[in-house]
Amino acid sequence: MIITDNLTKKYGEHTALDHLNLNVNAGEIYCLLGANGAGKTTTINLLLGFIEPTSGSAFINQLNVKDDAKATKRFLAYIPENLMLYPGLTAVENLDYFSGIAGKKFGNNQLKTFLEEAGLQADAFGNRISTFSKGMRQKVGIAIALAKEAKVLLLDEPTSGLDPKASNEFGLLLQQLRSKGVATLMATHDLFRAKEVGSHIGIMKDGQLKQQFVAEDISLSELEQAYLNTMDYKELAS
Amino acid sequence: MIAKTFLKETKELLREGRVRIAVIIVLMLLGVAVWISTRHYQNVNAQYAMAKTAERVIWDNQGEKNPHSAAHYGTYAFKPKYPLALLDQGVDKFAGTSIFLEAHNRNEAQFSAAADQTALARFGDLTPDFILLFILPLLIILLGYNSFTKEREMGTLTLLQSQGISSWKLLLGKWTAVFLPIFLITTALFLIAGLLLGNLKDFGVFNWSSLVMMYLVYIGYYIIFINIVLLISSKTKKSGISLVISLCVWIIACLAAPKAASNIAENKHPYPSRQEFAANILKDKKQGLDGHNPWSKEAKLLEQKVLQEYGVDSLHQLPFNFDGYRMQKSEEHEAEVYLKHYNYLKDQYTQQAKVYRGLAAISPYLPTRFLSMAIANTDYATHWDFADAAEDYRVATQKFLNDNFAMNSQYGDWAYQADASFWKELPAFEYDPPELKETLKSNGSNLMVMGVWLLGSFGLLLFTTKNI
């Protein structure tokens, strides 16, 4: 569902992403771990078509992102670190607008069902987004993905800044989407969450994918060790 | 997608306190302005009707009198107030409302409303055209300055892009959301004005087509402003910067450009001073026949020519009173002198108007202002037209009086008095302003400039927002 083929992005002399080869199938959650500047967000921006690759290709649902940028967007949903919605509109209105832009038309009840599925409390449906916490906004983001029936979900540090409860709830939501066959690529710093929700985990450094694991095959402590080794944090690793 | 964006933007605008307050203030101002203008219009029209009737009664009831005495006694031509002056008072306030018509002299229009006011009148009046030309563009800025910048600032643009939004559909949705309130306010104002005017006792010149044309001109003006404001919003990163740039454009287009245009036009094609103008006329008048001076060289030449033409030796043998004939010839000479000097003024005005039209390229305010005043018949061109009509009437009146004097008395018979019923034979002065078709034809260049602004601003907006 998500394929990158030697995907490379250079800014002058600086290589932000270096020949990335990824394959995320339907029903998989691929967690990209890495420090700041590792190339995680660049990967997501390239998959969204926000920036053009220097070389290589990215595919969403077998469509080349560069050639069919608009068509690929029909299949994907995106939740950034700080999902910003319209503060003056309610959760239902925001969902109605964003799903409307994606060409979907739903009645009020259906919209509420999506919000419910995304875990938002019913009494918050009619409240303005300006009163929402970050966790609540992320849930609306998931509702947007649900309403869009997205086959691909791109997440950029979605749990950053969430309290453990909200973070856990978000993880459960991702599992639900996984069971519906959604292919998810999540950039994160959170090893614990990556191990919890991911089906696959990759560790990036300096724009390169250094290591890949099947989440089931590795324990949290092994993952932590691998991460610290990759990052050259020798002292911490020992 | 367009409808969704439009609804979303409208909801956001309606929920914003500043927009609600601004719209309420604009509506209140418009209400007050229309009320003041309607009362002013009714008062002026009542005064016009009263003055016109009273002056005619005075003229008709002069009793037995020498026609040339009546010519010096004179009468007035009153400028009517046109219905659309309710919306745009144009130059009416400064141009004078009546012209004194007398023998030998072409007088300027006098009794302007501005002359009757104190120095505080410099602050201007609260009129619908002030709201339409200055305040509504400000409201457009308030509605649209953050149309795109807020998406950037809030971070929603990224989400919109990830949803695969089409740039032009997003633009059109936002455009419609800014346009609709302006459209509703303008439509309501013109509808109210139309209903008020349709029910007022006007002088038969109100027609809906002129009102609709004026309405379309203002809608065009607002579309241009909306395009400019959205263009700025789409190209700037911060709402504050977008607001400042939009306000700068408003200041340049609505305040600075008209004043600069006025200065440039006056510098390039200056009007003579009143003193200089009067002195030039006097000089030219002196070089020709003076009806009151039978001993002048010109009078003697005329005398010889007429005697020769009629084959008689004495003025007493002529079949008419030569005094009346000389008066008429003198009037014709003076009328020519006035025509020459006023045509020079008109040429200067035409050249100035050309400069204005040239500068309209830098401000959509200028063609809008000119078109609005022209359609309302409150522009300077209409005033000129009225003054020319009054002059034609004055010349015809002098001929009517001089002919009576010449044909009904003998040479030297200054005691001749026309019959008391004679004065009623002079048709009353009636003035019809140019028709809409004629007005639009003479303002073709302004319409063209508006068209270029409309197409240009639309084109630029679509082009620059292609990749938001």
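For B:LEU132, what is the net charge nearby, where nearby means another residue's Cβ is under 12 Å from its Cβ and Lys, Arg count +1, Asp, Glu -1?
Around B:LEU132, the charge tally is -1.
How do A:TYR11, A:TYR86 line up, fewest other C-beta atoms within 10 Å first?
By the 10 Å Cβ count, ascending: A:TYR11, A:TYR86.
Using packing as a proxy for protection, rank A:163-170, B:125-132, B:86-93 so that the peptide with the highest average count of other Cβ atoms within 10 Å comes first.
Descending mean neighbour count gives B:86-93, B:125-132, A:163-170.
For the residue pair B:ASP413 and A:ASP217, what label-to-label distance in nm results when each label sits 7 Å from Cα along the Cα-to-beta-carbon direction?
Those two pseudo-labels are separated by 13.4 nm.
For region B:197-336, what percent of Cα pairs sit more than 23 Å apart?
Of the Cα pairs, 69 percent sit more than 23 Å apart.
Just to be sure I understand the curve: with the Debye formula and one point per C-alpha of region B:121-250, what is log10 I(q)/I(0) at q = 0.18, 0.19 Å⁻¹?
-0.98, -1.05
How large is ³J(HN,Hα), in whole Hz, for each residue of region A:183-195 in order, when computed from phi with the Karplus curve 6.51 cos²θ - 1.76 cosθ + 1.60 and θ = phi - 60°, using x for Gly and Pro?
Working through the residues one at a time gives 8, 10, 10, 10, 8, 7, 9, 8, 4, 4, 5, 4, 5 Hz.
Would you list the P(r) distribution for region B:4-80, with all Cα-Cα distances sorted into 10 Å bins from 0 and each bin expressed as a whole %?
15, 22, 16, 13, 12, 10, 8, 4, 0
Which of A:LYS139/B:LYS150; B:LYS174/B:LYS237; A:LYS73/B:LYS8; B:LYS52/B:LYS340; B:LYS305/B:LYS424 have a Cα-Cα distance over 25 Å?
B:LYS52/B:LYS340; B:LYS305/B:LYS424
Would you tally the net charge around B:VAL337, using a Cβ to Cβ cut-off of less than 14 Å, leaving B:VAL337 out, and scoring K and R as +1, D and E as -1?
Net charge in that neighbourhood comes out at -1.
So how far apart, in nm, are the two label points at B:SER166 and B:ALA46 if each is 7 Å from Cα heading toward Cβ?
For the pair B:SER166/B:ALA46, the computed spacing is 5.9 nm.
For each of B:HIS68, A:HIS19, count neighbouring Cβ atoms within 10 Å of the residue's Cβ, then give the residues from fewest to most.
Listing B:HIS68, A:HIS19 from fewest to most nearby Cβ atoms yields A:HIS19, B:HIS68.
How big is region A:128-196 by the Kirkwood estimate over distinct Cα pairs, in Å?
Every distinct Cα pair counted, the radius reaches 12.4 Å.
What net charge do the residues around A:SER219 carry, taking every other residue with its C-beta under 14 Å from that of A:SER219, with Lys and Arg at +1 and Asp and Glu at -1?
-4
Let me know the mean shielding of A:73-82 by other chains, meaning the per-residue number of their Cβ atoms within 10 Å of its Cβ.
3
Quick one: compute the contact order of chain A, relative version, from alpha carbon pairs under 8 angstrom and 6+ residues apart, as a percent.
Across chain A, relative contact order equals 28 percent.
Translational diffusion coefficient, Stokes-Einstein: compute it for the protein assembly as shown using the Kirkwood radius over C-alpha pairs as Rh, at 37 °C and 0.692 mPa s, and state it as an integer in µm² s⁻¹.
D, rounded to a whole number, is 103 µm²/s.
Quick one: P(r) of chain B from all Cα-Cα pairs, 10 Å bins, percents rounded to integers, in order of increasing distance.
Over chain B, the share of Cα pairs per 10 Å bin runs 4, 17, 22, 20, 14, 10, 6, 4, 2, 1, 0 percent.
Taking the Cα atoms of region A:86-149, what is the range of coordinates along each of the three principal axes, in descending order and whole Å?
27, 21, 18
Over chain A, consider all pairs of different Cα atoms and compute the Kirkwood hydrodynamic radius from their mean reciprocal separation; express it in Å, one decimal.
Result for chain A, one decimal place: 18.2 Å.
Taking other Cβ within 10 Å of each residue's Cβ, how do B:ASP379, B:ASP347, A:ASP5 sort, fewest first?
B:ASP347, A:ASP5, B:ASP379
Since every read-out is calculated from the coordinates, none of them should be taken as a lab result. None of these values were measured; they are calculated from a predicted model. Reconstructed Cβ throughout: ideal geometry from the backbone, glycine too, with neighbour counts over all protein chains shown.
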